[in-house]
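*Asks:* The structure's right below; bear with me while I get my questions together.
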Amino acid sequence: MTLGFIGLGVMGEPMCRNLARKSGAAVVAFDQRAEPLAALARDGVAAAGSAGEVLARADLIFMCLPGEPQVRAVALGPDGLAARVRAGQTVVDMSTAPVALARELGHAFAARGADFADAPVARTAQAAKDGTLSIMVGGDTAVFERLRPYLACMGTEITHCGPVGAGQAVKLMNNMVVAQTVVALAEALAVARASGAVDPKILFETLTKGSADSFVLRNHGMKSLLPDTHPTRGAFPTSYIIKDLSYALALAESAGVKLEQAATTKRLMERTMEAGYRDNYYTAVIRTIAPR
C-alpha cells in the first residue's frame with residue numbers, strides 16, 4: 001500500500017507526517033511549496049512533482065487543501081484527479097469544502113470505478129501535530145472501514161457521519177457554531193471592558209464554572225480574546241472562517257433555511273477582514289466589535 005498526500009499547509013504537513021510515522025505504509029506527497037516537502041523527507045515521505053504524480057504512485061490519496069477553488073482545480077481540472085484516477089483507487093478529501101462539491105466529487109470518481117470519501121477535520125493545528133484531530137467522514141460504510149486505520153494515524157475521534165457529503169455538513173455546522181460562539185464571547189468581553197462592571201479575566205474564569213463553559217471559551221476565549229492576541233501564523237485566519245461560513249450558508253439556503261445569526265457573524269468577520277485582519281486568527285473580530 002502506498003499512500004498519497006496532496007496539500008501540506010498548516011494542517012496537512014503534520015497530518016502527512018503522522019501518516020508516515022504511524023501507518024507503516026510508503027507515503028508520497030505534493031505541495032506547490034518546497035519547504036514542507038523538504039521537512040517531510042526526514043520522515044521518509046517521498047516528494048512528487050505534481051498532484052498527478054501522487055495519483056500515479058499511490059493507491060489511497062488524501063487531499064488537504066484551502067477550499068473549493070483548490071479542490072476543484074486538483075480534482076476536477078482538465079488534467080485533474082478525476083480524469084486520471086484508476087479503478088480501485090480511493091481519494092479522500094480532508095479539506096473543508098461545500099457539501100455539493102463533495103457529492104460532485106463522489107459521482108466523478110465513481111464514474112471511473114474509484115471510491116471517494118469526504119473527511120474534513122476539526123480541532124487545532126497542535127492537534128494535527130499530536131495526531132488528535134476529530135475527523136468527520138462521509139462515504140460508504142465499507143470505504144469508511146477501509147480508511148479508519150489510516151485516519152486513526154491522524155485523529156483520535158473518527159466519526160462516520162453518513163453518505164458522501166455528510167462529513168462536510170458536520171464540519172460546516174461545527175465551524176458555524178464555533179464562530180458564533182467566538183462572537184458571543186467577544187461581545188461579552190467588550191461589555192466587560194467598556195462598562196468596567198467586572199474584570200474581564202474574572203468574567204471569563206467565572207463563565208468556565210457555569211453553563212456558558214465550552215471548549216471555545218477555554219481556548220478561543222481565554223487564550224486569544226482575553227489577552228487580545230490574534231496571530232497570523234499557525235492559526236485559523238479570518239479569511240478561512242468567512243469561507244466556511246459561506247459554505248454553511250449556501251447549504252442552509254439550498255435546504256430553504258435562513259440563518260440569521262450565521263449571516264450576522266459572517267458580516268462581522270468580513271468587517272474584520274476589511275479592517276486589516278485577513279490573515280489574523282479570526283478572534284480578531286473583537287477589534288471590530290470593540291475597536292481600539
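The values are calculated or read from the model by the stated rules, or taken from the named source; none is laboratory data. Quick caveat: nothing in here was measured; it's all calculated off a predicted structure. Please note: Cβ atoms are built from the backbone with ideal geometry, for glycine as well, and neighbour counts cover all protein chains shown.
*Asks:* Scan the helices (runs of 4 or more DSSP H) fully inside region 111-208 and keep the ones with 3 or more residues being surrounded by fewer than 19 Cβ atoms within 10 Å (Cβ to Cβ) and touching a Lys or Arg at 6+ places or on another chain (Cβ under 8 Å).
*Replies:* Here the list is empty.
*Asks:* Can you run down the residue pairs with Cβ atoms below 7 Å, 6 or more apart or on separate chains, where the first is in region 41-54 and at pLDDT 95 or above and the partner is part of a loop (DSSP other than H, G, I, E, B)?
*Replies:* Filtered contacts from region 41-54: Gly52/Asp79; Val54/Ala48.
*Asks:* With respect to the numbered conditions (1) free of Cβ contacts under 8 Å to residues at least 24 places away in the same chain; (2) in contact with a Leu (Cβ under 7 Å, 6 or more places away or on another chain), which one is the sole condition not fulfilled by Ala34?
*Replies:* That leaves (2) as the condition not met.
*Asks:* Now, a different point. Can you tell me which residue among Lys209, Lys223, Lys258 is within 16 Å of Val182 (Cβ to Cβ), of a type in the set (Lys, Arg) and not assigned by TED's automatic domain parsing to the domain that holds Gly12?
*Replies:* Within the list Lys209, Lys223, Lys258, the selection yields Lys223.
*Asks:* Which residues, counting only those in region 21-52, are under 12 Å from Phe5 (Cβ atoms) and outside any strand (DSSP E or B)?
*Replies:* Ser23, Ala25, Asp31, Pro36, Leu37, Leu40, Asp43, Val45, Ala48, Ala51
*Asks:* Another question, if that's okay. Could you grab me the full set of residues in region 251-289 that are closer than 15 Å to Ala184 by Cβ and aromatic (Phe, Trp, Tyr)?
*Replies:* Hit for region 251-289 is Tyr282, nothing else.
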